[in-house]
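One structure is given below, encoded as structure tokens.
The values are calculated or read from the model by the stated rules, or taken from the named source; none is laboratory data. Source: prediction; values computed, not measured. Cβ coordinates were reconstructed from backbone atoms using ideal geometry, including for glycine residues, and neighbour counts include every protein chain displayed. Protein only, heavy atoms only, side chains kept; ligands, DNA and RNA dropped before computing areas. Shrake-Rupley method; radii C 1.70, N 1.55, O 1.52, S 1.80 Å.
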Amino acid sequence: MKFTHLIASGALFLSASAFAADAPAHWSYEGAHGPANWSKLQSDFSACKLGHQQSPIDIVKTKKENLPALAFAYQPSPLKIIDNGHTIQVNYAPGSGVAIDGVRYELLQFHFHTPSEERIKGRNYPLVAHLVHRNAEGRLAVVAVLFRKGAENPLIGTVWNALPKEKGRQQEPEGASIDIASLLPQAHGYYNFPGSLTTPPCSEEVNWFVLKQPVELSDAQLKRFTQLYRHNARPVQPLNGRTVLESE
């Protein structure tokens, strides 16, 4: 079947560095520079207010369909980590990605938000990882992995153990590597919808895949992240008539 939410036009040509500024930008998650005012801070942030397919959303009503499987093909990567002033981000080496309905998307980077930006029937989770991918035409696909409290997460442990001591400068710990495949839940069922980047410039035509099965992290691991970022989640945005598809 032809995948309903594959983006047909308006490619976003963004590199991994586009998600990790060299220094913290002037937007934030609260106060005068918070989400309600993002569109006023810079002319190219206008989509944050004027866009009609903004992310994140509250996933309440879905339409079940026989959607294609997400064919993950991830390999280990040298650990390249940055505190960009808004989150902790890991930039991934070329060669890993996911195939969606026969189209390959290269993994660029993954980063974290607390609480989860996505809500499921009004509920958010303590943390979410956004895995950002781009295909050969420059179109973006983001896979969201939700976290619930539970056992320690080995991948989170590796990332947290390498947390930078300063913002805005990528760190590459000697000999350290990471395998994002270990972060994925056992089941890869998902919700799919067209959306946007959840940070300025809030660019649209991003294909979102929210994995239905959460993974675990320990309370201590969550607290370590919240000591750096107490709250770095954009509020949910209007659905504006979008249909959320759910894999069977």
Check your understanding: How many residues, within region 203-217, are under 17 Å from CYS48 (Cβ atoms) and open to solvent by less than 20 Å² (accessible area, probe 1.4 Å)?
Key -> 2
**Study point:** Which listed residue is over 15 Å from GLY97 (Cα atoms) and open to solvent by less than 60 Å² (accessible area, probe 1.4 Å), from SER116, SER177
**Key:** SER116
Check your understanding: Restricting attention to region 165-172, does a residue exist that is on the phi > 0 side of the Ramachandran plot and at pLDDT 95 or above?
Key -> no
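For every residue, the table says whether it meets (1) open to solvent by 30 Å² or more (accessible area, probe 1.4 Å); (2) of a type in the set (Phe, Trp, Tyr); (3) within 11 Å of the chain's Cα centre (by Cα).
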| site | (1), (2), (3) |
| --- | --- |
| TYR74 | no, yes, no |
| SER77 | no, no, no |
| ILE82 | no, no, no |
| ASP101 | yes, no, no |
| LYS121 | yes, no, no |
| LEU131 | no, no, yes |
| ASN135 | no, no, no |
Point to revise | Subset tally (residues that are open to solvent by 10 Å² or more (accessible area, probe 1.4 Å), closer than 22 Å to ILE156 by Cβ and assigned to a strand (DSSP E or B)) for region 84-99 | key: 1
Practice item. Look at region 67-90 and say how many of its residues are more than 16 Å from GLN227 (Cα to Cα) and out of contact with any strand residue (DSSP E or B) (no Cβ under 9 Å at 6 or more places or on another chain). Key: 1
